1. If the viscosity is 0.692 mPa s and the temperature 37 °C, what translational diffusion coefficient in µm²/s does Stokes-Einstein give for segment 246-312 when Rh comes from Kirkwood over Cα pairs?
2. Take peptides 197-207, 107-117 and line them up by average Cβ neighbours within 10 Å, highest first, as a rough protection proxy.
3. Once the other residues with Cβ under 15 Å from the Cβ of Leu199 are scored (Lys, Arg +1; Asp, Glu -1), what is the net sum?
4. Order of 181-192, 309-320, 413-424 by packing, highest average Cβ count within 10 Å first?
5. Ile492 versus Cys369, label points 7 Å from Cα toward the beta carbon: distance in nm?
6. Between His460 and Val220, what is the label-to-label distance in nm when each label sits 7 Å out along the Cα-to-Cβ direction?
7. Among 459-472, 356-369, how do they line up from the highest to the lowest mean number of other beta-carbon atoms within 10 Å?
8. At a probe radius of 1.4 Å, what is the per-residue accessible area of Phe442, in Å² to the nearest 10?
Amino acid sequence: MESLEMLLSGFRLALTIQNLLAAFFGCLVGTMIGVLPGLGPAATVALLLPLTFGRDPVTSLVMLAAIYYGAQYGGSTTSILLNIPGESASVVTCLDGYQLARQGRAAPALGMAAIGSFVAGVLGVIGLTLGTVPLAEFGLRFGPAEQFALLTFALAACGTLAGDLLKGLIMVCFGLFLSTIGGDPMSGVDRFTLGRLELMGGLELVPLLMGLFAVGEVLVSYEQILGIKPLRVRWKRFTELLPNVSDWVVSKWAVLRGSLLGFAVGVLPGTGAATASFVAYGIERRFSRTPEKFGKGAMEGVAAAESANNAAAQGAMVPMLALGIPGSPTMAMLMAGLMMAGVQPGPLLMEQRPDIVWGVIASMFIGNCILLVLNLPLVGVWASLLRIPYTILGPCILVIAVLGTYSIAGSMFDVWTLIVFGLLGYVLKKNDFPLAPIVIGFILGNKLELSLRRALTMSHGDPRILVGSPIAAVLVGLSLAMLLWQPLTGLIRRARASRLQAS
């Protein structure tokens, strides 16, 4: 009851003109950042931090938070239309979203992403309202061993996304190898840098994403036929842009499961929306009666991934507000904005400045409504991009990829990295190797290594610490079950077939 009263007071604060304008501006900028790959929400928040100087901390945090969850919305657009993930969390959306676009169902896929994200956002904010303190306390139970187990589970789920388990695991391991390039996270020793100064800080994520997905896709498409036909997008009424009844029948549980799982993963510091979307997609594939459709245009795959990454954005606010622990670079930027305003996030924040906590939570309800209103009318506009002939669209994609990569640090080395990964993506696509496991392995590699080494340091090298707690043991068990499920079911099927032949 107390939470409800505080939420109502937060709405009174969030509904002021200046906070409504801040939420609208943040949602608009965040959506644009999500649609245009390369910059990312963390860099955008960092660039806009000077705008918060001298402003009310509630208004500042409302705007910065809206940029963050707005970027989660916008990242699905280019993933579905062009197979270019605007954000790392949108990589999973590429798997089925782009295939739906190729089948002429880009508009319903975009509609499902927008509505699923809205539902997930609202459920996430409800969870934020009711469970900030208890969920933050649960997140504190995740020490290095538990984080290692969770990340292992995410990588196991990612490795099973491909139809071929061996290929999926090979790509995960390749992504983990790429994450080791650069300075050792604990000792600072250079690894696999080949003497190049540019590699001492590790590979950049954007060239890798753009190269594997955008450049690789363009090369494959142009090899098939230079005069490739544009993807068909036709409709007569606005309702035809939205998912139909059958789409909702197969996706309703995916939205709910993705929302709950995404929020729970988002609460855990150091995981992030990318982990949430991969885990949700893997679980949804396991629950599906038609897992063979995943990766070929499954609407529930889009629903699960988009719901999870948007709910994770809401959940990531819990440890930052309640504990003063930023779980991602963007959360660190939001925390910096509060500290510059003279406010210290942490356990005392809800007692000393409840107006900030509840004002921001209330603004998230409003922000999700703003995003839905912004995104649904634009579905037809975005889908119309697919009417452009590929002979024009392909070079435009390459230009966007080069500019997005170069804009990060003004480095030609990053552009050459883009080209290398583009050629690699082309070769892998031609040989039916999945690309998404490379990305998730790369993103989670450093976190996995740090959590493993910290856990072993705490136990003086005793590996039993990795399964020493109930949480870690359950997650490791689930990882093993996920990896062994496909080989064991294959052995059982072959054994049954041999018995039938013998009889």
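The values are calculated or read from the model by the stated rules, or taken from the named source; none is laboratory data. Worth saying up front: this structure is predicted, and the values here are computed from it rather than measured. Cβ placement follows ideal geometry from the backbone for every residue including glycine, while neighbour counts extend to all protein chains displayed. When the accessible area is computed, the model is the full protein with side chains, heavy atoms only, and any ligands, DNA or RNA have been set aside. Shrake-Rupley method; radii C 1.70, N 1.55, O 1.52, S 1.80 Å.
1. Working: Rh = 11.3 Å.
Rounded to a whole number, D works out at 289 µm²/s.
2. Ranking, from highest mean packing down: 107-117, 197-207.
3. Cβ neighbours under 15 Å give a net charge of -3.
4. Ranked from most to least packed, the peptides come out as 309-320, 413-424, 181-192.
5. 4.9
6. Roughly 5.2 nm, to one decimal.
7. Numbers: 459-472: 14.2, 356-369: 24.6.
Result, highest mean Cβ count within 10 Å first: 356-369, 459-472.
8. About 20 Å², ignoring ligands and nucleic acids.
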